[in-house]
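The values are calculated or read from the model by the stated rules, or taken from the named source; none is laboratory data. Note that the coordinates shown come from a computational prediction; the quantities given were computed from them, not determined experimentally. Note that we place each Cβ from the backbone using ideal geometry, even for glycine, and neighbour counts take in every protein chain shown. Keep in mind that these areas ignore ligands, DNA and RNA; they rest on the heavy atoms of the full protein, side chains included. Shrake-Rupley method; radii C 1.70, N 1.55, O 1.52, S 1.80 Å.
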Amino acid sequence: MTESLTGAQLLCRTLIDEGVDVLFGYPGGAIMPLYHALPEYPELRHVLVRHEQAAAHAADGYARASGRAGVCVATSGPGATNLVTGLATAHMDSTPVVAITGQVARSMMGRDAFQETDIIGITQPITKHSRLIEDVEEIEEAVREALYIAQEGRPGPVLLDVPKDVQNQKLSGAGEPAPSKRARGQRDSNSTPPGSSRAGTAPLPRCPAGSFEEAAALIHAAQRPLIMVGHGVVLSGAYAELRVLAERTGIPVITTLLGISAFPEAHPLHLGMPGMHGEVHVNRAIQQSDLIIGLGLRFDDRVTGNLAGFARGAKLIHVELDASEIGKNVPAAIGLVGDVRDVLCRLLPEIAPRSCDAWRQEIGGFTRLRDENFQAGLSPQAILDAIAESAGGQCTIVSDVGQHQMWVAKLFRYQRPNSHITSGGLGTMGFAVPAAMGVALARPGEPVWAISGDGGFQMNMQEIATMVQEGIPVKMAVFNNGYLGMVRQWQQFFHGRRYSATPIWSPDYVKLAEAYGIAGYRIESLDELQDTVADASAAPGPALLEFMIEQEANVFPMIPPGGSLSEPIEGEPAIRMVPA
Ligand SMILES: Cc1ncc(C[n+]2csc(CCOP(=O)(O)OP(=O)(O)O)c2C)c(N)n1
């Protein structure tokens, strides 16, 4: 029997058929037909956010945690433009997000109609693909294509703009959904490695003949090799292969901000994080190394510092799914193009066991600095240890942007793959709270912590209401130092301590929690830390914890902007002025 469906109904049905089970969104005029159809499709859970930016971040968090595309929905005009920061965040960190926006009716387009914006034009540079759906007949194919493109190869955001009249347009003879035109793979495939943040079958590595042997020869010959791990390892789920490579060769492993948790934090071969706030011994090792095996990273400037002074004695074997990244920032001796896991599977049979003991000694015995420069008391290390303990080490940490982000990156003891989620490339304040909602829905029953500064928390704290309404049990930690701490630190170091617009007032977070009807705590001293964190963890539903931390603590070490990895600031500097 054939049936007649509206464009909105077709949209819902195709999403369900593709395995989508949750939408983060906010209604409005141009997307009303989709919202009218939604109640007919209870398989699609709709989470009503309090701001569309949060819908995009939540979809992003869902995608990073599940390996499946996250979907967000907004109306035209201001609804659509509110998604922009979230889409840019997903774009910079290669996350599969599909945004569905309402658009004014086709007959009104181009007339500056009420709430008309050219969202495709606005988002073109920050999406992998975008499409205006011009007829109901396109909907099914466009939705499948959007989900496929978002997840295929190097993942990224895709936007579908759907005019209101197309949502209302009827397609007669819609019948049963057509089978997927392209194998998306992720929901019915067994090929997904466990813990992978991306699912689906990757194409075979595109590498010139002989390149695996050449790469192996470089690895065997190197005296001071390092493995640098980026987000690509998480996206491909290459945890086991990475570990085999490291353990077979004894090569020390460095994890970038988005590579954190791809390698066991406490593994004796783990060195730590490189770059602007990387540990001194890690950056020193990079500067001394003669071979870097770069796995799924783009060598961005926060990692390399001044490129002219980066790892000058090192050859690079660069493994990347996106061929355009190879040689973009750092010249590669050998580029291996493909999914990191697939490339490592091809490379490992060529790798003979070796050790790097002398080199490891030289690096300095892997002493990891912890909690540098914090006065005794309620330090980030103590707070993060209490959180880890309360969750039995099994939680996912979603961090915001700023000083606390660096502490969370460097000091938390990550025990499981893909348990550290943050906005790396765009560095989006306000990311943590909404992204953590998406993570919590992707990992039901598992503890999820959103850790923010007092600045970033106030950017999206309205989402507490979403958590309450939807029963999403995120634990929210606010590191309250009374400042936009990371900017204050730059002002201290490079602007003669002129704290312009960085002191920041906060509301009473305990009362705020009370107003939302959730558990709220203020922790001012070490004595109360452990019990309070344990109480908050055990409390049902969301909870808000405010940690009163030292106000002018700094993140050390720090490579000054424009400096090379060899020039770390390791302690309170004499007053410096910004270089001209
Ligand atoms: C949306 C956005 N606006 C501005 C910035 C610039 N910025 C980077 S870190 C930072 C300060 C963050 O302060 P807070 O959230 O209190 O965290 P803290 O550094 O104190 O841990 C600012 C303003 C940003 N990264 N994102």
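Within the stretch 481-492, can one find any residue that is of a type in the set (Ser, Thr, Tyr) and in a loop (DSSP other than H, G, I, E, B)?
Within the stretch 481-492, the subset of a type in the set (Ser, Thr, Tyr) is 483.
Filter again for in a loop (DSSP other than H, G, I, E, B), leaving none.
No, the stretch 481-492 contains no residue that is of a type in the set (Ser, Thr, Tyr) and in a loop (DSSP other than H, G, I, E, B).
Out of the residues in the stretch 481-505 that are within 8 Å of the ligand (Cβ to nearest atom) and not aliphatic (A, V, I, L, M), state the one that is most open to solvent (accessible area, probe 1.4 Å). Reasoning before the result, please.
So the first thing to find is which residues in the stretch 481-505 are within 8 Å of the ligand (Cβ to nearest atom), and the list is 481, 483-489, 502, 504.
Filter once more, keeping what is not aliphatic (A, V, I, L, M): 481, 483, 485, 488-489, 502.
Details: 481: 11, 483: 36, 485: 8, 488: 0, 489: 0, 502: 2 Å².
Taking the candidates together, the pick is 483.
Return only the number of the condition from (1) surrounded by fewer than 16 Cβ atoms within 10 Å (Cβ to Cβ); (2) in the same structural domain as residue 456 (by TED's automatic domain parsing) that residue 544 does not satisfy.
(1)
Quick one: is residue 15 part of a helix (DSSP H, G or I), at pLDDT 95 or above and more than 30 Å from residue 112 (Cα to Cα)?
Working: part of a helix (DSSP H, G or I): yes; at pLDDT 95 or above: yes; more than 30 Å from residue 112 (Cα to Cα): yes.
Spelling it out, residue 15 is indeed part of a helix (DSSP H, G or I), at pLDDT 95 or above and more than 30 Å from residue 112 (Cα to Cα).
Please return the ranges of helices (runs of 4 or more DSSP H) entirely within the stretch 403-470 where 1 or more residues are touching a residue at least 60 places away in the same chain (Cβ under 8 Å) and open to solvent by 10 Å² or more (accessible area, probe 1.4 Å).
Details: elements: 403-411, 432-442, 454-460, 463-470.
Fully inside the stretch 403-470 and qualifying: 403-411, 432-442, 463-470.
Which of the residues that make up the stretch 478-522 are over 28 Å from the mean Cα position of the chain (by Cα) and among the β-branched types (Val, Ile, Thr)?
Passing the criteria: only 510.
Pull up the stretch 385-402, narrow it to residues that are more than 12 Å from the ligand (Cβ to nearest atom) and without any contact (Cβ under 8 Å) to a residue 60 or more places away in the chain, then point me to the one that is surrounded by the most Cβ atoms within 10 Å (Cβ to Cβ).
Within the stretch 385-402, the subset more than 12 Å from the ligand (Cβ to nearest atom) is 385-398.
Subset that is without any contact (Cβ under 8 Å) to a residue 60 or more places away in the chain: 385, 388, 392-395, 397.
Numbers: 385: 19, 388: 20, 392: 10, 393: 16, 394: 11, 395: 23, 397: 27.
Looking at the filtered set, the residue picked out is 397.
Could you say which residue among 202, 238, 217 is modelled with pLDDT under 95 and of a type outside the set (Ser, Thr, Tyr)?
Working: 238 fails: modelled with pLDDT under 95; 217 fails: modelled with pLDDT under 95.
On inspection, the qualifying residue turns out to be 202.
For a quick check of your reading: which helices (runs of 4 or more DSSP H) sit entirely within the stretch 231-317 and have at least 2 residues that are within 30 Å of residue 96 (Cα to Cα), open to solvent by 10 Å² or more (accessible area, probe 1.4 Å) and not assigned by TED's automatic domain parsing to the domain that holds residue 425? Before you say what the answer is, go through the steps one by one.
Details: elements: 231-236, 239-249, 280-288, 301-304.
Qualifying helices (runs of 4 or more DSSP H): 231-236, 239-249, 301-304.
In the stretch 413-467, what count of residues is obtained for those that are of a type in the set (Ser, Thr, Tyr) and within 16 Å of the ligand (Cβ to nearest atom)? Give the steps one after another, and end with the answer.
Residues of the stretch 413-467 of a type in the set (Ser, Thr, Tyr): 414, 419, 422-423, 428, 452, 466.
Next, only the ones that are within 16 Å of the ligand (Cβ to nearest atom) stay: 422-423, 428, 452.
Result for the stretch 413-467: 4.
For the stretch 36-52, check the following and say yes or no: at least one residue is open to solvent by 10 Å² or more (accessible area, probe 1.4 Å), modelled with pLDDT of 95 or more and within 16 Å of the ligand (Cβ to nearest atom).
Yes, because at least one residue in the stretch 36-52 is open to solvent by 10 Å² or more (accessible area, probe 1.4 Å), modelled with pLDDT of 95 or more and within 16 Å of the ligand (Cβ to nearest atom).
What residue, among those in the stretch 506-528 that are closer than 26 Å to residue 556 by Cα and in contact with a helix residue (DSSP H, G or I) (Cβ under 7 Å, 6 or more places away or on another chain), is farthest from the ligand (Cβ to nearest atom)?
Ranking the candidates gives 526 first.
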